[in-house]
1. Is it true that D188 is open to solvent by 10 Å² or more (accessible area, probe 1.4 Å), touching a residue at least 12 places away in the same chain (Cβ under 8 Å) and closer than 26 Å to V29 by Cβ?
2. With (1) of a type outside the set (V, I, T); (2) surrounded by fewer than 20 Cβ atoms within 10 Å (Cβ to Cβ); (3) touching a Gly at 6+ places or on another chain (Cβ under 9 Å) as the list, and E364 as the residue in question, which single condition is left unmet?
3. Looking for something free of Cβ contacts under 8 Å to residues at least 12 places away in the same chain and at positive phi - is there at least one such residue anywhere in the range 393-401?
4. Name the residues in the range 344-395 that are basic (K, R) and either more than 24 Å from the chain's Cα centre (by Cα) or at pLDDT 95 or above (or both), would you?
5. Taking only the range 12-31 into account, find how many residues are small (G, A, S), under 23 Å from the mean Cα position of the chain (by Cα) and open to solvent by 20 Å² or more (accessible area, probe 1.4 Å).
6. Being without any contact (Cβ under 8 Å) to a residue 60 or more places away in the chain and open to solvent by less than 30 Å² (accessible area, probe 1.4 Å) is the filter here; which residues of the range 324-358 pass it?
7. Quick one: count up the residues across the range 285-308 that are more than 27 Å from the chain's Cα centre (by Cα) and either part of a strand (DSSP E or B) or at pLDDT below 95 (or both).
8. Can you name the condition, by its number, that K229 falls short on among (1) open to solvent by 70 Å² or more (accessible area, probe 1.4 Å); (2) in a loop (DSSP other than H, G, I, E, B)?
Amino acid sequence: MEHKTVARKKGGNVRLFPFRALRPVPDLVSRVAAPPYDVVDIEQARRLAAGNPFSFLHVSRAEIDLPAGTDPYSEAVYEHAATVFREFVRRKFFVRELMPCIYVYLQQKGSHRQFGLVGCCHTDDYVDGTIRRHELTRVEKEADRARHTKAVAAQGGPVFLMYRGKREIDALVESAVAREKPLYDFTDEDGVRHAVWRAPDPAAVEAAFREVPRAYIADGHHRAAAYVKTGTEMKAANPAHRGDEPYNRFLAVAFSAAQLRILPYHRCVRDLGGLSGGEFLERLEKAVRVERTGGPPDLSDGECGMFFGGSWHRIVLPVPQEADPVSRLESSILQDRVLGPILGIRDPRSDQRIGFAGGVGPSELERLAAGGEAAVAFAMRPVSVEQVMAVADAGLVMPPKSTWFDPKLRSGLLIHTLS
C-alpha cells in the first residue's frame, strides 16, 4: 500500500492565543452546543435539532432547514447559515467576552476525563508544520467549510489538537479548575459532561505553550484546512493587512495526548469479491495465521479479530520490523495482506465495497453481518496517540478511518468571530 506524505517544513513552537469568544448564555448552553457537523448525517442532524430552535446545527448544517433534496453545497445553504447565525446573535442567544480569554474545557464520559485548553492558533503554524497532520483532506469538503466560514464570518467548530504534555501547563489547568467557578457545566444527550472555566492568567498559558515544540491534529483536518484557506483568501483581499486580524487565527482545543482516548475503527467488507467462503478461508490461511475462537478475541499487538460465517477468529498479522510507522499498523498490514490481494479492495478510501464502524463493540459487527451488510468484518485494535504522532512526525498519512477519538467536541460552545 502506498503511503502518502504531508508536505511541511520545520516550524517554530506552538502559539495559543486568547480571544474574545462569542458564547451561549448559560441558560441556553446545553441547547445551543451541538455535535460536530461531520459526525452526523443530514437525517441525524434533523432529528437532533427537531424541536430545538437554539441548536448550533441550524448554523453548521443549515441544509436541515431547507427543502429535502437541497444540494448541501448550494449557495442557498451558506446564505441560510449566515442568516441563522446573525439571528442567533440578534436574539442574544450569545454573549461576547469583554476581554480576550483562554478557557479550560473538561469532557467526561463515564470514568474517562480529559482537560483541554481553548484558544486560537496561528494559521502560519499550520502552514509551516508546527501543527502537524496525519490525514489527507478532500478538496470538496475543504471548500465547503471554507465557504461556510466566510459566509458566517465565524468559526464555531474547534480543531481538536493534542500535544506531548508539560507539567507547567497541567498546573495552570489545575489552578483554573480549583480557583474559578465554571462558566458552563452540563451533560449532553450522549451522557458526556462538558464544563468550561476561564483560565485566570491567559498570558501564562500563552507563555507556557511557547515551550511546546509542536501540536498534532487529532480530529478536524478539514476544519483546519478550511480555516487556513479562509484566512489566506481574506488576507489577499485586504490591502491594509497587518497580520493581527482575526482571520490569521483559528479556533482550537489542545489536549495533553496522554489524557486522550482512541477507540477502534473496524473494517466491514460487503462481499467476498466472487470467492466462495471456502476459497476465501483457504487463501486467508496462506497469507496470515488464523485461529478460530469461541467469541470476540482479546487482541495483542499485531492481531485483529474476524467475524465470518457466524464465528469469531483471531488473525495474527506478520508485522514488519524494519518499516515506517504506517507500515507497522495492523490496518496497513491487513490491507496489504488480506483486503487488497484476497478481497480486491485496492483503495479503501474510495471502494464502495468496504465500510467502517468506529467506536463500536463486537456486537455491532455481529449485527452488521447478520443483517447482510458485511460478508466479513474485521475487528481492529485502537491505535495509540504515540502511533498517530509518530506518523505525523514522519510526514506520513494514516490509513483511512484509523482514529476515533472519543468523546467528540461540541460546536457552538465557544465561537471565534472573524470580524
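1. yes
2. (3)
3. Quick first cut of the range 393-401, residues free of Cβ contacts under 8 Å to residues at least 12 places away in the same chain only: none.
No, every residue in the range 393-401 fails to be free of Cβ contacts under 8 Å to residues at least 12 places away in the same chain and at positive phi.
4. Within the range 344-395, the first condition is being basic (K, R), and the residues that meet it are 346, 349, 353, 367, 381.
Hits for the range 344-395 are R346, R353, R367, R381.
5. Residues of the range 12-31 small (G, A, S): 12, 21, 30.
When the remaining residues are screened for being under 23 Å from the mean Cα position of the chain (by Cα), the result is 21, 30.
Now drop any that are not open to solvent by 20 Å² or more (accessible area, probe 1.4 Å), which leaves 30.
Of the residues in the range 12-31, 1 are small (G, A, S), under 23 Å from the mean Cα position of the chain (by Cα) and open to solvent by 20 Å² or more (accessible area, probe 1.4 Å).
6. Selection gives E330, I333, V338.
7. At the first step, the residues of the range 285-308 found to be more than 27 Å from the chain's Cα centre (by Cα) are 285-297, 307-308.
After this cut, where a residue has to be either part of a strand (DSSP E or B) or at pLDDT below 95 (or both) as well, the list is 289-294, 307-308.
Residues meeting the conditions: 8.
8. (2)
The values are calculated or read from the model by the stated rules, or taken from the named source; none is laboratory data. A quick note: this is a predicted structure, and the numbers were derived from the prediction, not measured. Counting neighbours? That spans all protein chains shown, and the Cβs are built from the backbone with ideal geometry, glycine included. In case anyone asks, the SASA skips ligands and DNA or RNA and just uses the protein heavy atoms, side chains included. Shrake-Rupley method; radii C 1.70, N 1.55, O 1.52, S 1.80 Å.
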